[in-house]
Amino acid sequence: MADNPQVRFYLGANSPSGFYSLYDQLIDPAQAEDYFLIKGGPGCGKSTLMRRVGRAMEEHGLEVEYIQCSGDPDSLDAVAVPALRSALVDATAPHVIESKYPGVTERYLNLGECYDTPALKEIKDQIIGCMKGYQGCYARATRCLSAAAEIDGDCRTLLLTPALEEKLAKRARGILSRECRRTGGGPGKAVQRFLDAVTCQGVLCNFDTAEALCKRIYELCDTYGLAHTLLTHLAAGAMAAGYDVIVCPDPMAPQRMRHLLIPALSLGFVSSSGELPYTGRRPYRRLRLDPMTDPELLHRNKARLRFSRKVSAALVGEAVESMAQAKAMHDELEALYNPHVDFERVNAIADHIAEELLSHL
């Protein structure tokens, strides 16, 4: 993204079971001041509008949380302005969102009204034709990710013994005693965000977001996805001490934790591997999880584990290629729509929304 916003997450994942949504985590409608649900088809300016509103908020010194599209990380799916208890979201498939409290906190915004419908009708056949095979690309990507996840799970099951789980729990207790003093208040809350995603550009992780929220980063060097036990104990301990946490699931296993951020402590725990190395500044501390496994078990299964990693990486690569093909089809579709969208109107709507949100300051 051109503006390189600091706080960027994903709320959707291309997972082994298909699209996995955390969009209900974006904002609580009951607590929101303004929540805009944007509807509209391809190329109608949804991402353009949200980026423009986000920029206006930043120009007034407000922190903005940008939600990237897991299918196309250069596109936006939502923006949130926590200080104003407000958000805008692309409420169309595959992350359809409907209003719970219409007119009270949520408002629908139909950008389809910015289309030049008569002009689009003249290219109807081209529009219909350019999307053939799109769903098939994503179906193939899902099959590849599912196969890779089975292999990853097999390796994890092999190495994650009760003894290792106790070691990880003990290490978590040590970290908590050192880093996490009790606040004296009630328990903290957890919100979920994906920090990484399998995308058309490859497997990406927003390590810069972790650094923007947390000055002290523990890098967890974790080849086989073993960090979940450690992170679960850390999250539970931090919340018990009164701190809110950001739980970041693994897009390849969304029920398992991959990263943990505790902004109030400026403390983050991010997992890295050979396939997805940590690219941030020098970490505060580095924990190597692989040496904590049973050395005999690791040695005895060295060839099996190496082969499994190679096959899994190849399958994820095939999934990425399929998503790239789908992205190319979507780009062709947007190229047909874009000339027939009134972007001056889109920008005017964005400016009006920004002005309304800023009036709450």
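The values are calculated or read from the model by the stated rules, or taken from the named source; none is laboratory data. None of the values given here were measured: they were computed from a predicted structure. We place every Cβ from the backbone using ideal geometry, glycine too, and count neighbours over all the protein chains shown. In case anyone asks, the SASA skips ligands and DNA or RNA and just uses the protein heavy atoms, side chains included. Shrake-Rupley method; radii C 1.70, N 1.55, O 1.52, S 1.80 Å.
Does R286 qualify as being open to solvent by 60 Å² or more (accessible area, probe 1.4 Å), part of a helix (DSSP H, G or I) and modelled with pLDDT of 95 or more? No; evaluated as a whole, the condition is false for this residue. Hey, any hits in region 242-250 for a residue that's surrounded by fewer than 18 Cβ atoms within 10 Å (Cβ to Cβ), part of a helix (DSSP H, G or I) and among the small types (G, A, S)? The answer is no, given that none of the residues of region 242-250 is surrounded by fewer than 18 Cβ atoms within 10 Å (Cβ to Cβ), part of a helix (DSSP H, G or I) and among the small types (G, A, S).
Within region 151-162, one or more residues are closer than 20 Å to P254 by Cβ and free of Cβ contacts under 8 Å to residues at least 24 places away in the same chain. Of the residues making up region 115-130, those that are in contact (Cβ under 8 Å) with a residue 60 or more places away in the chain, open to solvent by 50 Å² or more (accessible area, probe 1.4 Å) and assigned to a loop (DSSP other than H, G, I, E, B) number 1.
Only one entry in F19, F36, F9 is surrounded by fewer than 18 Cβ atoms within 10 Å (Cβ to Cβ) and assigned to a strand (DSSP E or B), namely F19. For region 180-213, enumerate the residues that are among the basic types (K, R), surrounded by fewer than 22 Cβ atoms within 10 Å (Cβ to Cβ) and at pLDDT 95 or above. Within region 180-213, just K189 meets the criteria. Of the residues E275, E356, the single one that is modelled with pLDDT of 95 or more and not in a strand (DSSP E or B) is E356.
When the criteria are applied in full, T157 meets the requirement of being of a type outside the set (K, R) and open to solvent by 50 Å² or more (accessible area, probe 1.4 Å).
Looking at region 142-158, is at least one residue under 26 Å from the mean Cα position of the chain (by Cα) and farther than 30 Å from E321 by Cβ? Checked against the condition, which is being under 26 Å from the mean Cα position of the chain (by Cα) and farther than 30 Å from E321 by Cβ, region 142-158 yields no hits at all. Would you please name the residue that is farthest from I38 (Cα to Cα), looking only at residues in region 101-114 that are touching a Pro at 6+ places or on another chain (Cβ under 7 Å) and open to solvent by less than 80 Å² (accessible area, probe 1.4 Å)? In this case the residue turns out to be T105.
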